[in-house]
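Structure in structure tokens, see below.
The values are calculated or read from the model by the stated rules, or taken from the named source; none is laboratory data. Computed from a prediction, not measured in an experiment: that's the story for all the values here. Glycine gets a Cβ as well: all are built from the backbone with ideal geometry, and neighbour counts include every protein chain shown.
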Amino acid sequence: MNADKRPVAVVTGGSAGLGLVIARTLLSHGYRIVIMGRDEGRLEAAIATCGNQEPGRLLGQVCDVTSRAEVEELFSTVGQTFQRLDVLVNCVGASDRGLVENLDVEQLGTLWDQNVVTALLCSQASIPLLEASSGAIVNIGSLAAKVGARYIGGYSTVKHALAGMTQQMRLELKPRGIHVALVSPGPIARSDAGDRYRDSIDGTLPPQASAPGGGARVKGLPPERVAAAVMKCIRRGAVDIVLPGHLRILIALGHAFPRIGDWLLLKFTSSK
Ligand SMILES: NC(=O)c1ccc[n+]([C@@H]2O[C@H](COP(=O)([O-])OP(=O)(O)OC[C@H]3O[C@@H](n4cnc5c(N)ncnc54)[C@H](OP(=O)(O)O)[C@@H]3O)[C@@H](O)[C@H]2O)c1
């Protein structure tokens, strides 16, 4: 019997980028945390950035979350270690650059695994623990989960699937007391934001395709703002947050009037 009653959260992809900021935010709210990544050194380095924590407060677990066997073993360990789980944040995900016209099935499969299968497997494996705690799952989408954009055709395709799966899971799991939410941020400010996709630009794409959001004219968001949105889902039951928030109006307009939505999207994403 574990006498510690503090809540427990698992953050996939918590060893870098947004996932690490979310893990730090959960720590500041009193959670015990397990961060997951494939690279042990990266996990250790991430933990070192979180200051001195009491033993067992912040654990790093090597796990490839595209592997069902590894994911099931991981959540079994979480159950045995803490005897509870209150929050799962599915933050693993990756973009690329390219047009759907040129998207090959193998690349689509990779994007699908990174952005959809990861969230599916971790959510499935965590359901028994989350049901016992009436806990929450927060999936990290993207503006590309809500609308199309130039030069990120594969990413938009799979993030839309993640958004659909998230709503489906919310409907299915509500009667079991598990809250499921989606946070869909625009490009996130980070020091390497302009460089990450430079190598994925082939001759078919203009140079600005490597810019954040494929050149979308949206200011980079502080990752702390995205982490605050995750907390709003966990603590206040928010179901679907778009950042920056004013874009929700454009998204709704585009759903109601698709021609106007397309016109706005092409206007606010750069073609040169
Ligand atoms: N960055 C942005 O501008 C932006 C904007 C909107 C939405 N998002 C979304 O936010 C999320 C985080 O993005 P990010 O750019 O912050 O990520 P990132 O810096 O690339 O970090 C990815 C994290 O996921 C881990 N990871 C990747 N594949 C994994 C796997 N198969 N199993 C376990 N861990 C794995 C990585 O560690 P290892 O490599 O060591 O495994 C790392 O900790 C993604 O879902 C992304 O789509 C990002």
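Taking only the range 219-237 into account, find how many residues are within 13 Å of the ligand (Cβ to nearest atom) and without any contact (Cβ under 8 Å) to a residue 60 or more places away in the chain.
Adding up the residues that qualify gives 6.
A quick yes/no check of all residues on (1) out of contact with any Cys (no Cβ under 7 Å at 6 or more places or on another chain); (2) crowded, with 24+ Cβ neighbours inside 10 Å; (3) hydrophobic (A, V, I, L, M, F, W, C):
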{"position": "Val138", "(1), (2), (3)": "no, yes, yes"}
{"position": "His160", "(1), (2), (3)": "yes, no, no"}
{"position": "Met169", "(1), (2), (3)": "yes, no, yes"}
{"position": "Arg176", "(1), (2), (3)": "yes, no, no"}
{"position": "Ser184", "(1), (2), (3)": "yes, yes, no"}
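I've got another one for you. Can you tell which of Lys219, Lys232 is assigned to a loop (DSSP other than H, G, I, E, B), of a type outside the set (S, T, N, Q) and under 23 Å from Thr25 (Cβ atoms)?
Going through Lys219, Lys232 in turn, just one is assigned to a loop (DSSP other than H, G, I, E, B), of a type outside the set (S, T, N, Q) and under 23 Å from Thr25 (Cβ atoms): Lys219.
Tell me which residues, restricted to the range 21-41, are within 14 Å of the ligand (Cβ to nearest atom), of a type in the set (Lys, Arg) and either closer than 20 Å to Ser126 by Cα or more than 16 Å from the chain's Cα centre (by Cα) (or both).
Arg38
Can you confirm whether Leu58 is touching a helix residue (DSSP H, G or I) at 6+ places or on another chain (Cβ under 7 Å) and farther than 21 Å from Leu162 by Cβ?
yes
Return yes when Gly237 is surrounded by fewer than 14 Cβ atoms within 10 Å (Cβ to Cβ), modelled with pLDDT of 95 or more and either within 25 Å of Gly154 (Cα to Cα) or in contact with a helix residue (DSSP H, G or I) (Cβ under 8 Å, 6 or more places away or on another chain) (or both) and no when it is not.
No, not satisfied.
Further question: Would the range 175-195 turn up any residue that is in a helix (DSSP H, G or I) and more than 11 Å from the ligand (Cβ to nearest atom)?
Scanning the range 175-195 turns up at least one residue that is in a helix (DSSP H, G or I) and more than 11 Å from the ligand (Cβ to nearest atom).
Looking at (1) surrounded by fewer than 22 Cβ atoms within 10 Å (Cβ to Cβ); (2) farther than 24 Å from Pro222 by Cβ; (3) out of contact with any helix residue (DSSP H, G or I) (no Cβ under 6 Å at 6 or more places or on another chain), find the lone condition where Glu72 falls short.
Unmet condition: (3).
Of all residues in the range 42-68, which are closer than 23 Å to Ser123 by Cα and under 21 Å from the mean Cα position of the chain (by Cα)?
Leu43, Leu58, Leu59, Gly60, Gln61, Val62, Cys63, Asp64, Val65, Thr66, Ser67, Arg68
While we're looking at this one, here's another question. Being farther than 23 Å from Val226 by Cα and buried (at least 20 other Cβ atoms within 10 Å of the Cβ): is that true of Ala149 here?
Answer is no for this residue.
Looking at the range 1-73, what strands (runs of 3 or more DSSP E) fall wholly within it and have at least 2 residues that are within 23 Å of Leu130 (Cα to Cα), in contact (Cβ under 8 Å) with a residue 12 or more places away in the chain and in contact with a Phe, Trp or Tyr (Cβ under 9 Å, 6 or more places away or on another chain)?
Hits in the range 1-73: 8-12, 32-37.
Could I ask something else about it? Can you name every residue in the range 1-28 that is among the charged types (D, E, K, R) and modelled with pLDDT under 95?
Once the filter is applied, which keeps residues that are among the charged types (D, E, K, R) and modelled with pLDDT under 95, the range 1-28 yields Asp4, Lys5.
Next question. Hey, Ser95 hits all of (1) buried (at least 20 other Cβ atoms within 10 Å of the Cβ); (2) assigned to a helix (DSSP H, G or I) but one; which does it fall short on?
(2)
While we're looking at this one, here's another question. Please list, ordered by first then second residue, the pairs with beta carbon atoms under 6 Å, 6 or more apart or interchain, first in the range 150-166 and under 13 Å from Asn102 (Cβ atoms) and within 13 Å of the ligand (Cβ to nearest atom), second part of a helix (DSSP H, G or I) and not polar (S, T, N, Q).
Ile152/Ala144; Ile152/Gly214; Gly154/Leu108; Gly154/Leu111
Turning to a different aspect of this structure: Quick check on my filter: what residues within the range 73-118 are within 14 Å of the ligand (Cβ to nearest atom) and either farther than 30 Å from Ala209 by Cα or in contact with a Lys or Arg (Cβ under 7 Å, 6 or more places away or on another chain) (or both)?
Glu73, Leu74, Phe75, Leu88, Asn115, listed by residue number.
Could you check how many residues of the range 199-218 are more than 16 Å from the ligand (Cβ to nearest atom) and of a type in the set (Asp, Glu)?
Residues flagged as more than 16 Å from the ligand (Cβ to nearest atom) and of a type in the set (Asp, Glu) within the range 199-218 amount to 1.
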